[in-house]
Amino acid sequence: MYRTMEKKLMAWRQQTPEDGRKPLLLHGARQVGKTHLLKELGRQAFEHTVYLNFETNPAMAALFQDDITPGHLVHEIELMTKTPVIPGKTLLIFDEIQASERALTSLKYFCEMMPELHVAAAGSLLGITIHREHYSFPVGKVQSMYLYPMDFEEFLLACGEEGLAGEIRAHAETLEAFPEALHQRALALYHDYLVVGGMPEVVQSYTKTHFRDIAGVQQEILDNYASDMAKYAVPADTVKIAACYRSLPAQLAKENHKFQYRVVQHGGRAATFAAAIDWLITAGVVLPCTKVKAGELPLRAFEDVSSFKLYSSDVGLLVQQAGIPKELILKDLPNLYLGAVTENYVAQSLRTMGYDLFYWTSDQTAELDFLLQCGMEILPIEVKKGTKVRSRSLDVYRKRYDVANAVRFSERNFGREGTLISLPLYAVFALEDGRKLE
């Protein structure tokens, strides 16, 4: 299955140390496809691939206990793997690097002493481990990338819908309405994606057996997340982390999606659960969206850190976690929770494109779903789950601030009304082409 990250990885492979190439550190939540992408890069672009997993193979981690200079390590790795490690021809992969502090530190020396060798590392809970163990992170000596679950465009490509994905991008640029048949087909696939989500193993299952096995795969991933909470958190925090994560469907079911500690536990307070929420964010299993007090540049300067929402990093996992029957979404039946699912989908899509997530309220009388900072422009976004698109909150915001453009996502077709751009929900991924909307 094609991932847009492949282009970035190939660009890294083609760089030289003179271009500024450094060892690569690929971050991302567990099971989003980091290992597969790195192995595929090795298969396509190198003569040899040497793969070391520090979590499943402690013997490899032992190699890094003493001398971690690149010359010594490469010699030992060649003996252990019986594979040549040749600069320019070999990709050296360090997987689950958070399991070996010395391996992480060694990236600094590969950068300084053997920059011609391509070294790529991946870690599912790297940030958590570094914070907990106070690792010496090789600041300035690695190039970091972040991998998220598959977005809707990647889902379409996995389903053999390359043509449809291309048409969506083209119409997002021109805002010319889709033919009704294509619009309905895209909406149907979008509803499928809400149930499936973007975890690669789940998407692969969907392409082979449709919906028959996806719930079991999703539940296995959720169970693995729960295991990580016990493994990578101190015992005193494990229960709190799990409780915060379990509360996510209830948090989003409220009319006001602001995270409330009392939903986690009666009488709950920030002092009790703040560290648990930080763990979930750092682990990449939830996405924060912070309230801003004003729609002014720069948005981060107007954050109200005491008010925030949390979204699931994968909409399919949210649907599974909430226990929503898939028929409610696939058949577009009346469902009060669909608004929360839709908003989560948009949040996930925007974050995948690299946008920081903010929302805005006006004296508790209006709430705008998202504000994006796009260069010198602040782009207000309203999300509607269906075709009813009355946007009171967006109207309030536009009256208060000078808005060059605004975006409304709904199940309506492409279009434009003055400065209001109407995009169908299946076209969120194309907004990256609209950072300079005119």
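The values are calculated or read from the model by the stated rules, or taken from the named source; none is laboratory data. None of these values were measured; they are calculated from a predicted model. Every residue, glycine among them, receives a Cβ derived from its backbone with ideal geometry; neighbour counts consider all protein chains shown.
Summary table
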item	result
The lone exception for residue 355 - which of (1) under 21 Å from residue 425 (Cα atoms); (2) part of a helix (DSSP H, G or I); (3) hydroxyl-bearing (Ser, Thr, Tyr) it fails	(2)
Residue 280 being crowded, with 16+ Cβ neighbours inside 10 Å and assigned to a helix (DSSP H, G or I)	yes
In region 104-116, residue modelled with the lowest pLDDT [restricted to those that are crowded, with 20+ Cβ neighbours inside 10 Å and farther than 15 Å from residue 38 by Cβ]	104
Test: residue 154 is modelled with pLDDT of 95 or more, within 30 Å of residue 346 (Cα to Cα) and touching a Lys or Arg at 6+ places or on another chain (Cβ under 8 Å)	yes
Selection status of residue 271, more than 19 Å from residue 350 (Cβ to Cβ), touching a helix residue (DSSP H, G or I) at 6+ places or on another chain (Cβ under 7 Å) and either without any contact (Cβ under 8 Å) to a residue 24 or more places away in the chain or not in a helix (DSSP H, G or I) (or both)	no
First in region 77-92 and part of a loop (DSSP other than H, G, I, E, B), second anywhere and of a type in the set (Ser, Thr, Tyr), Cβ under 9 Å, 6 or more apart	83/49; 83/90; 84/90
Residues satisfying the stated conditions in region 396-411, i.e. farther than 20 Å from residue 333 by Cα and either touching a strand residue (DSSP E or B) at 6+ places or on another chain (Cβ under 8 Å) or touching a residue at least 12 places away in the same chain (Cβ under 8 Å) (or both)	396, 397, 398, 400, 401, 403, 404, 405, 406, 407, 408
Scope region 51-86; condition touching a Phe, Trp or Tyr at 6+ places or on another chain (Cβ under 7 Å) and of a type in the set (Val, Ile, Thr); matching residues	68, 69
Sole exception among (1) surrounded by 16 or more Cβ atoms within 10 Å (Cβ to Cβ); (2) in contact with a helix residue (DSSP H, G or I) (Cβ under 7 Å, 6 or more places away or on another chain); (3) part of a helix (DSSP H, G or I) for residue 257, by number	(3)
Qualifying residue in region 195-214 (condition: surrounded by fewer than 22 Cβ atoms within 10 Å (Cβ to Cβ) and of a type in the set (A, V, I, L, M, F, W, C))	yes
Residue within region 139-151 that is within 30 Å of residue 20 (Cβ to Cβ), without any contact (Cβ under 8 Å) to a residue 60 or more places away in the chain and not small (Gly, Ala, Ser) present	yes
Residue under evaluation residue 223, criteria (1) more than 26 Å from residue 361 (Cβ to Cβ); (2) surrounded by 12 or more Cβ atoms within 10 Å (Cβ to Cβ), criterion not met	(2)
All positions within region 327-352 that are hydrophobic (A, V, I, L, M, F, W, C), farther than 13 Å from residue 195 by Cβ and either modelled with pLDDT of 95 or more or in a helix (DSSP H, G or I) (or both)	340, 346, 347, 350
Sole residue being on the phi > 0 side of the Ramachandran plot and in the same structural domain as residue 313 (by TED's automatic domain parsing), chosen from 339, 386, 418	418
Count of residues meeting criterion [part of a loop (DSSP other than H, G, I, E, B) and surrounded by 13 or more Cβ atoms within 10 Å (Cβ to Cβ)] in region 40-66	6
Within region 368-438, strands (runs of 3 or more DSSP E) holding 2 or more residues that are within 22 Å of the chain's Cα centre (by Cα)	377-383, 406-410, 420-424
Candidates 150, 229, filtered to the one that is of a type in the set (A, V, I, L, M), part of a helix (DSSP H, G or I) and buried (at least 19 other Cβ atoms within 10 Å of the Cβ)	229
Residue in region 412-419 that is under 27 Å from residue 162 (Cβ atoms), in contact with a Cys (Cβ under 7 Å, 6 or more places away or on another chain) and touching a residue at least 24 places away in the same chain (Cβ under 8 Å) present	no
Subset of region 169-187 (residues that are within 29 Å of residue 213 (Cα to Cα) and in contact (Cβ under 8 Å) with a residue 24 or more places away in the chain)	183, 186, 187
Test: residue in region 350-371 that is in contact with a Leu (Cβ under 9 Å, 6 or more places away or on another chain), small (Gly, Ala, Ser), closer than 28 Å to residue 211 by Cβ and touching a residue at least 24 places away in the same chain (Cβ under 8 Å)	no
Yes/no for residue 369 being farther than 30 Å from residue 220 by Cβ, among the acidic types (Asp, Glu), in contact with a strand residue (DSSP E or B) (Cβ under 7 Å, 6 or more places away or on another chain) and not assigned by TED's automatic domain parsing to the domain that holds residue 31	yes
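Yes/no matrix, rows are residues, columns are (1) more than 23 Å from residue 230 (Cβ to Cβ); (2) under 21 Å from the mean Cα position of the chain (by Cα):
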residue: 253; (1), (2): yes, no
residue: 257; (1), (2): yes, yes
residue: 276; (1), (2): no, yes
residue: 287; (1), (2): no, yes
residue: 308; (1), (2): yes, yes
residue: 316; (1), (2): yes, yes
residue: 325; (1), (2): yes, no
